[in-house]
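Note sheet for the following structure.
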Amino acid sequence: MVADLTRSARAMVPQTEARTPADDLTGFPPGILRRLVIKVGSALLVEPDGAVRRKWLESLVGEIAQRRAQGQQLVVVSSGAIALGARRLGLSRGGRATLEDAQAAAAVGQIILSQVWADLLASHDIAAAQMLVTLGDLEDRRRYLNAAATLDRLIGLGVVPVVNENDSVATEEIRFGDNDRLAARIGQAARADAVVLLSDIDGLYTANPQVDPDATLIPLVEKIDARILAMADGNSASGMGSGGMISKLQAARIATGAGTHLAIASGRVESPLRHWAETGRGTLFRASARRRGRKDWLAGRLTVKGRLSVDAGAADALRQGRSLLPAGVTGTSGAYARGDVIDIADPDGAVIARGLAQYDSQDAERIIGKRSEDVAALLGGTPRAAMVHRDHMVLL
């Protein structure tokens, strides 16, 4: 199995002679990509004892300053607030023993974290801005647009935004839970060309390299399918962060679906971006075609209110760009209102699309499987054109 995956991994790498300089995205060079999001995990920024890894961070900030001088616009998504706050407060288990501990540690640690970034960027005459967001800020369409506008204005002013989840108020039910997916969503909101996840591992392997010595690094992924997802391991190598390879693949799906390249590269070395560019060790997930802004937002959402199941004919029609009609729906689940975001699943249960419901869940239950001409008699009045219209739907 590993041998087959290794051969597949090699087959995914474009031949050097067939590539042009514009195709070479290794290191996400400033001359090719205009706007870049850099995600820094807790294990890279904070020592096991809770101290800032200042020398390493200085090397990364130096790279940011150099890239900025070359014309690249940068956004940082930085973990570390909980770990830093836990050290200051003397909390056990890195501040993650309870939700209350994590929230208190985040409140204290965020001040420390933002000051570190501000000081190091200021040493290169770069202004830093702090943005704390919650899941709701990027799941709600209006708040998402507000965040996008703020990011764009800050970048236009030459500022480097430093973004983190607002863990001091987030709860288990309303949080990203990891900064990998947050970075992908910020990449969407900032209309970034690329996102790089600096990690304690240097990319996606065919198996967990800590367990399987034959595991092989995959340098390029063109499509995130079931075979790629099967390679993921949910554990964070450091035990400090909240993400793992599963969250990184979820982030890659969000980013690439919005037309943004995403890479996983090692942050265990100084000047990690230069190291990736020079060695090529990392995994690049190549972007698909960019969608319109609203469909980017739909595809990248992490929460939905319900689900419609469809038959094979309806699934084929959706893939051809058509709207979803009641006749092709075989089931509905969840409690949702008109305008809520819902998923659409094929007969095998795989989610193939996401869109805005045109009927609430109670009315949807009454009309599934019915012909359009029968819907008016069932509900009374003039029926809507579809259960989910193609203009308010995105294929996944």
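Taking helices (runs of 4 or more DSSP H) as the structural unit, those lying wholly within the range 138-238 and holding at least 3 residues that are open to solvent by less than 40 Å² (accessible area, probe 1.4 Å), at pLDDT 85 or above and touching a strand residue (DSSP E or B) at 6+ places or on another chain (Cβ under 7 Å) correspond to 141-156, 179-189.
Filtered by the rule that a residue be assigned to a loop (DSSP other than H, G, I, E, B) and buried (at least 16 other Cβ atoms within 10 Å of the Cβ), the range 341-350 gives a lone residue, ASP346.
Residues in the range 310-319 that are part of a helix (DSSP H, G or I), touching a helix residue (DSSP H, G or I) at 6+ places or on another chain (Cβ under 8 Å) and surrounded by fewer than 18 Cβ atoms within 10 Å (Cβ to Cβ): GLY313, ALA317.
Of all residues in the range 258-275, those satisfying the criterion of being touching an Asp or Glu at 6+ places or on another chain (Cβ under 8 Å), open to solvent by less than 30 Å² (accessible area, probe 1.4 Å) and at pLDDT 95 or above are ILE264, ALA265, SER266, GLY267, SER271, PRO272, LEU273. For the range 351-373, the set of residues classified as within 15 Å of SER333 (Cα to Cα), open to solvent by 50 Å² or more (accessible area, probe 1.4 Å) and in a loop (DSSP other than H, G, I, E, B) consists of ASP360 only.
Conditions (1) over 25 Å from the mean Cα position of the chain (by Cα); (2) under 22 Å from ASP225 (Cβ atoms); (3) not charged (D, E, K, R), marked per residue:
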site	(1), (2), (3)
ALA312	yes, yes, yes
VAL329	yes, no, yes
GLY339	no, no, yes
ILE344	no, yes, yes
ARG371	yes, no, no
LEU378	yes, no, yes
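Residues in the range 374-387 that are among the hydrophobic types (A, V, I, L, M, F, W, C), open to solvent by 20 Å² or more (accessible area, probe 1.4 Å) and within 21 Å of ALA317 (Cβ to Cβ): ALA385 only. Apart from one condition, ARG307 fits all of (1) among the basic types (Lys, Arg); (2) within 30 Å of ARG191 (Cβ to Cβ); (3) not in a strand (DSSP E or B); the exception is (3). One residue stands out in the range 122-137 among those that are over 23 Å from THR303 (Cα atoms) and in contact (Cβ under 8 Å) with a residue 40 or more places away in the chain: the one that is surrounded by the most Cβ atoms within 10 Å (Cβ to Cβ), namely ILE126.
Only residues that are open to solvent by less than 40 Å² (accessible area, probe 1.4 Å) and over 25 Å from the mean Cα position of the chain (by Cα) were counted in the range 60-84, giving 1.
For the range 86-100, which positions are more than 25 Å from the chain's Cα centre (by Cα) and open to solvent by less than 20 Å² (accessible area, probe 1.4 Å)? Correct list: ALA86 only. Consider only pairs whose beta carbons are under 8 Å apart and that are at least six residues apart or on different chains; among these, list those whose first residue lies in the range 353-370 and is more than 15 Å from LEU324 (Cβ to Cβ) and whose second residue is open to solvent by 50 Å² or more (accessible area, probe 1.4 Å) and among the charged types (D, E, K, R). Pairs found: ASP360/ARG338. Scanning the range 330-344 for residues being touching a Phe, Trp or Tyr at 6+ places or on another chain (Cβ under 8 Å) and of a type outside the set (Val, Ile, Thr) gives a total of 1. Regarding the range 119-132, can at least one residue be identified that is within 19 Å of the chain's Cα centre (by Cα) and within 21 Å of LEU45 (Cβ to Cβ)? Scanning the range 119-132 turns up at least one residue that is within 19 Å of the chain's Cα centre (by Cα) and within 21 Å of LEU45 (Cβ to Cβ). Please go through the range 251-278 and pick out each residue that is over 15 Å from ASP193 (Cβ atoms) and in a strand (DSSP E or B). Of everything in the range 251-278, those that are over 15 Å from ASP193 (Cβ atoms) and in a strand (DSSP E or B) turn out to be ILE264, ALA265, SER266.
The values are calculated or read from the model by the stated rules, or taken from the named source; none is laboratory data. None of the values given here were measured: they were computed from a predicted structure. Methodologically, a virtual Cβ is constructed for each residue, glycine included, from the backbone with ideal geometry; neighbour enumeration extends over all protein chains shown. These area figures cover heavy atoms from the full protein model, side chains too; ligands, DNA and RNA do not enter into them. Shrake-Rupley method; radii C 1.70, N 1.55, O 1.52, S 1.80 Å.
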